[in-house]
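Everything on this sheet refers to the single structure shown next.
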Amino acid sequence: MSDYKKLDVWGVAHALVLNVHEAAKEIRAAEFLSLKSQMTRAAMSVPTNLVEGCGQQSRREFGRFIKISLNSASELEYHLLLAKDLDAMREERYKSLTDQTVSVRKMLYGLAKSISRLPPKRRTERDLGN
């Protein structure tokens, strides 16, 4: 896999980053600076790890980066909950972003499952430099 833009999940995850960034701009209080930073970093990590994974040589390595993206999506979901519970984020915004995050996570699970089901790639003479 080399073109991350062909992955549907990358597009949805990228949109999620943009939406989280917009929501973070609405959080103004200085006491929430760390939360804003962690929230946006976790969101950015999801598509970023997909991009990095697409550049790997093996499906196994790609799968490892998908798992990292999954972990970041779970982390983001918690940061969103925390922002809501600290009254730093409106309930409607929380619900929308959480729904998007869960959707991305489901897509990542599906991608991880499909990658793990593929048969091992056979090496050809060309791959071996012959």
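The values are calculated or read from the model by the stated rules, or taken from the named source; none is laboratory data. Everything numeric here is computed off the predicted structure, so don't read it as measured data. Note: ideal-geometry Cβ built from the backbone for every residue, glycine included; neighbour counts use all protein chains shown. Protein only, heavy atoms only, side chains kept; ligands, DNA and RNA dropped before computing areas. Shrake-Rupley method; radii C 1.70, N 1.55, O 1.52, S 1.80 Å.
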> Pick from the stretch 1-29 the residues that are open to solvent by 80 Å² or more (accessible area, probe 1.4 Å) and over 30 Å from Q57 (Cα atoms): which of them is farthest from the chain's Cα centre (by Cα)?
Replying inline: R28
> Restricting the first residue to the stretch 50-77 and requiring it to be under 30 Å from K36 (Cβ atoms), which pairs with a second residue that is among the small types (G, A, S) and open to solvent by 50 Å² or more (accessible area, probe 1.4 Å) meet a Cβ separation below 7 Å and a spacing of at least six or different chains?
Replying inline: C54/S2; G55/S2
> Within the stretch 99-130, which residues are of a type in the set (S, T, Y) and modelled with pLDDT under 95?
Replying inline: S114, S116, T124
> If you scan the stretch 9-66, which residues turn out to be of a type in the set (A, V, I, L, M), closer than 17 Å to K106 by Cα and in contact with a Phe, Trp or Tyr (Cβ under 8 Å, 6 or more places away or on another chain)?
Replying inline: L50
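Just to be sure I understand, how many residues within the stretch 78-117 are touching a Lys or Arg at 6+ places or on another chain (Cβ under 6 Å) and in contact (Cβ under 8 Å) with a residue 24 or more places away in the chain?
Here is the first cut: in the stretch 78-117, the residues touching a Lys or Arg at 6+ places or on another chain (Cβ under 6 Å) are 94, 115.
From the residues that got through so far, the ones that are in contact (Cβ under 8 Å) with a residue 24 or more places away in the chain too are 115.
Of the residues in that region, 1 qualify.
Here are some residues: L50, L76. Which one is under 12 Å from the mean Cα position of the chain (by Cα), under 22 Å from R117 (Cβ atoms), part of a helix (DSSP H, G or I) and not polar (S, T, N, Q)? Before the answer, list the steps.
Numbers: L76 fails: under 22 Å from R117 (Cβ atoms).
Result of the check over L50, L76: L50.
Just to check your reading of the model, which residue among S96, S58 is of a type in the set (S, T, Y), open to solvent by less than 70 Å² (accessible area, probe 1.4 Å), at pLDDT below 95 and out of contact with any strand residue (DSSP E or B) (no Cβ under 6 Å at 6 or more places or on another chain)? First the steps, then the outcome.
Values: S96 fails: at pLDDT below 95.
Residue meeting the stated conditions: S58.
Output yes when any residue across the stretch 6-13 is outside any helix (DSSP H, G or I) and either of a type in the set (A, V, I, L, M) or at pLDDT below 95 (or both), and no when none is.
Just the residues of the stretch 6-13 that are outside any helix (DSSP H, G or I), to begin with: 7.
Checking the rest, the ones that are also either of a type in the set (A, V, I, L, M) or at pLDDT below 95 (or both) come to 7.
Looking through the stretch 6-13, at least one residue is outside any helix (DSSP H, G or I) and either of a type in the set (A, V, I, L, M) or at pLDDT below 95 (or both).
Test A42 against the stated conditions and say whether it is open to solvent by less than 70 Å² (accessible area, probe 1.4 Å), touching an Asp or Glu at 6+ places or on another chain (Cβ under 6 Å) and either in a helix (DSSP H, G or I) or at pLDDT below 95 (or both).
Working: open to solvent by less than 70 Å² (accessible area, probe 1.4 Å): yes; touching an Asp or Glu at 6+ places or on another chain (Cβ under 6 Å): yes; either in a helix (DSSP H, G or I) or at pLDDT below 95 (or both): yes.
Against the criterion (open to solvent by less than 70 Å² (accessible area, probe 1.4 Å), touching an Asp or Glu at 6+ places or on another chain (Cβ under 6 Å) and either in a helix (DSSP H, G or I) or at pLDDT below 95 (or both)), A42 qualifies.
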> Since R28 meets every condition but one in (1) modelled with pLDDT of 95 or more; (2) basic (K, R); (3) outside any helix (DSSP H, G or I), which condition does it not meet?
Replying inline: (1)
